[in-house]
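The values are calculated or read from the model by the stated rules, or taken from the named source; none is laboratory data. Computed from a predicted structure; not experimentally measured. So basically every Cβ, Gly included, is an ideal-geometry build from the backbone, and we count neighbours across all protein chains shown.
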Protein chains: 2
Amino acid sequence: MDALATSLNLSRNGVQEAHALVKPYIHRTPVITSSTLDKLASSQQSAETLATTEWAGKQPAKPTIRLFFKCENLQKVGAFKVRGAFHALERLRADPEIAATLAQNGVVTHSSGNHAQALALAARTHGIPAHIMMPNISTPSKIAGTKGYGANVVFSGSTAAEREAIAREVIERTGAIFVPPSDHPTSKSNICTLYILIIAVILGQGTLALELQEQALELNNGTPLDAIIAPCGGGGMLSGIALACEGTGIRVFGSEPSFQGGDDARRGLIVGERITTVNTLTIADGLRTPVGKYTWRIISDPKKVVGVYAVTEDQIKAAMRLVLERMKMVVEPSACVPLAVALFNEEFRDMIEREAGPAGWNIGVVFSGGNTTVEEIRKLFSA
Amino acid sequence: MDALATSLNLSRNGVQEAHALVKPYIHRTPVITSSTLDKLASSQQSAETLATTEWAGKQPAKPTIRLFFKCENLQKVGAFKVRGAFHALERLRADPEIAATLAQNGVVTHSSGNHAQALALAARTHGIPAHIMMPNISTPSKIAGTKGYGANVVFSGSTAAEREAIAREVIERTGAIFVPPSDHPTSKSNICTLYILIIAVILGQGTLALELQEQALELNNGTPLDAIIAPCGGGGMLSGIALACEGTGIRVFGSEPSFQGGDDARRGLIVGERITTVNTLTIADGLRTPVGKYTWRIISDPKKVVGVYAVTEDQIKAAMRLVLERMKMVVEPSACVPLAVALFNEEFRDMIEREAGPAGWNIGVVFSGGNTTVEEIRKLFSA
């Protein structure tokens, strides 16, 4: 375990090492562009219709924006989460003693969504048993998906305390190793590997930004990205991306839903302190968790993450509609939050207009996942 | 015009020449694969749940199928139709006299859907006026889309006779040149170029199959496709694909909706005669038209098109759900018809099992377009 601890470092180099390890198991997802979306993002019209800003006495911003969409909705299990899950398992498997425990006792995690399926797939790939705790209110399709990857699904209540109790019980009974979704702010886990695994997950998620940097260069005739904007829930992916961009000159931004205080990172940055409890039922269900303890250290460092912006439910839905109808891509609501910021958040757009000038910015936008259903689409867009 | 007529030939070579002409204007759309869909297509399960066959005394077929999806839903204007539209215009523009007429009087067509936007875009690209007749019951988004490409939209009733009357009126008034959607079975048009343009459109649509052949080879380590299955409405695309596959050994199949007799090509092949009138409100709205006179000559030639298969509305919807939820792609119902055949049509699956044996087939599947809206998705999947 010591070797493992010293080999992981929270840096661009650490992300590159993670990439070498996970590459064989994941898709190099495509990066796509859309002249229609570029046109919308570069006009005043989009912001005008849905902006939450008062226009009195001023014109809406008219930045020049070229978007490069990293399609992690086309990733295995439909989301970026496989990157962290595979990386964590690779790191654990490198230690012979842990590898033996894994093979026998398996891994355990709690998740109602994409991390569950990601860990289940990573575990099955290596013949490792997986115990996944899911809230008993989870949608049947997600439960079926997780079981489909061969995992043992264990139901729990949906509160943190209920989840904790079941987690402890499963770990004690099976001896399985806990692999956290990205950070695990509430649990006082006695598992020595936890901190290391959080780092492994962060570095794993960050690998998408290395690919995005390269792919945007190719698409853009050698001109690099000016910025990347990503969703922020627990903050694992945003932290990993920030590390992957160190020293590249690419500015990293986070994005959150504002509904019922879901923008805890943004609010935490204002008050200078991490907000630890969030209770929101935003449609961006992947972003309902507060930022974790370890990811906060990265996200609250302005040299790593320049800023975090929030959007309303209507703005998220409008972005999702554009992606579905214009780009012909299925993305989940959480994955539309960065695009919603680029299209509708006046503060963000105004900042770009000022900083970029007429040349504009090339912005990498992370489509984090595509796990939704026609029923959910129906519900989201019912009048 | 004579030079034009002799330069167009209904052959693979003709399609290759069309490709050289349209390449600068269109996307080389991606070809994607899906292990999930391959697994489903190669199991008995999918057919069992939705097949319209009686199972008494026999097992459902269990063919081995690997699918290669040609994503024309990601094509400009969201559908393959730009290929034919650009090719027709390129051919017309090559004649100086016609080019002058075009620049002054423009082009005209009737279409409620993808051909309208395709011709509008092609015309705008060359600074040519476009007059598009649309039924006054067209969905607002399609009207807005067509106007968005700068076309002059002219409304007509939705019957053939009403459409004809308006077409004649517009042509007489403007001197614009008529560019047919793919075939134009009812009109006794007096425009000399019509037959030539029908051929130009067929050859243009066929270019997608040239790309699909190459892209599947690359994805499949040099092993060619065994078959391509495409939707069949007026039959322009299916004919073009058949020409593009001549001499390659690739078998070409058509697919249609069976609802209210929408499978006119399939039924026509059985009775040995083209069926000229169809009245169906199938959800596959791009396939409501009967096969045209010229396309029928190709489609009814078993050396060119091996067979045509039909699927039910439920089978189309089930295929569309899989594409949305598993492949994260937005496709319109018409575009799901070929996949529905591969997954659910027992006759087709049984034939593959017999002909391909355990090695199975590599099948190119045409996702012809992605022009749908969240409202349409909502309506389609409302309980």
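Out of segment A:264-281, which residues are out of contact with any Leu (no Cβ under 9 Å at 6 or more places or on another chain) and under 27 Å from A:I352 (Cα atoms)?
Passing the criteria: A:D264, A:R266, A:R267, A:G268, A:L269, A:I270, A:V271, A:G272, A:E273, A:R274.
Would you say B:L102 is in contact (Cβ under 8 Å) with a residue 60 or more places away in the chain, touching a strand residue (DSSP E or B) at 6+ places or on another chain (Cβ under 7 Å), surrounded by 15 or more Cβ atoms within 10 Å (Cβ to Cβ) and not hydroxyl-bearing (S, T, Y)? Don't jump to the end; show me each part of the working.
Working: in contact (Cβ under 8 Å) with a residue 60 or more places away in the chain: yes; touching a strand residue (DSSP E or B) at 6+ places or on another chain (Cβ under 7 Å): yes; surrounded by 15 or more Cβ atoms within 10 Å (Cβ to Cβ): yes; not hydroxyl-bearing (S, T, Y): yes.
The answer is yes for B:L102.
Picking from B:L37, B:L67, which residue would you name as being surrounded by 19 or more Cβ atoms within 10 Å (Cβ to Cβ) and not in a helix (DSSP H, G or I)?
Details: B:L37 fails: not in a helix (DSSP H, G or I).
Among B:L37, B:L67, only B:L67 is surrounded by 19 or more Cβ atoms within 10 Å (Cβ to Cβ) and not in a helix (DSSP H, G or I).
Is segment B:155-168 home to any residue that is within 22 Å of B:L197 (Cα to Cα), surrounded by fewer than 21 Cβ atoms within 10 Å (Cβ to Cβ) and hydroxyl-bearing (S, T, Y)?
Checked against the condition, which is being within 22 Å of B:L197 (Cα to Cα), surrounded by fewer than 21 Cβ atoms within 10 Å (Cβ to Cβ) and hydroxyl-bearing (S, T, Y), segment B:155-168 yields no hits at all.
Of all residues in segment B:290-345, count the ones that are over 15 Å from the mean Cα position of the chain (by Cα), part of a loop (DSSP other than H, G, I, E, B) and either within 14 Å of another protein chain (Cβ to nearest Cβ) or farther than 18 Å from B:Q45 by Cβ (or both).
The number of residues fulfilling the criteria is 10.
For segment B:148-174, enumerate the residues that are within 28 Å of B:G78 (Cα to Cα), of a type in the set (A, V, I, L, M, F, W, C) and free of Cβ contacts under 8 Å to residues at least 60 places away in the same chain.
Of everything in segment B:148-174, those that are within 28 Å of B:G78 (Cα to Cα), of a type in the set (A, V, I, L, M, F, W, C) and free of Cβ contacts under 8 Å to residues at least 60 places away in the same chain turn out to be B:A151, B:V153, B:V154, B:F155, B:A160, B:I166, B:A167.
Among (1) within 20 Å of B:S111 (Cβ to Cβ); (2) surrounded by 23 or more Cβ atoms within 10 Å (Cβ to Cβ); (3) away from every other protein chain (no Cβ under 13 Å), which single condition is B:L281 missing?
(2)
Pairs please, first residue from segment A:358-383 and more than 9 Å from chain B (Cβ to nearest Cβ), second anywhere and hydroxyl-bearing (S, T, Y) and surrounded by fewer than 23 Cβ atoms within 10 Å (Cβ to Cβ), Cβ atoms under 6 Å, 6+ apart in sequence or on different chains.
Note: pairs meeting the criteria are A:G360/A:T64.
I'd like to check which strands (runs of 3 or more DSSP E) are fully inside segment B:104-192 and have at least 1 residues that are under 21 Å from the mean Cα position of the chain (by Cα), more than 14 Å from chain A (Cβ to nearest Cβ) and modelled with pLDDT under 90.
Values: elements: B:107-110, B:130-135, B:152-156.
Answer list for segment B:104-192: B:107-110, B:130-135.
Exactly one of (1) within 14 Å of another protein chain (Cβ to nearest Cβ); (2) part of a helix (DSSP H, G or I); (3) free of Cβ contacts under 8 Å to residues at least 12 places away in the same chain is unmet by B:I270. Its number?
Every listed condition holds for B:I270 apart from (1).
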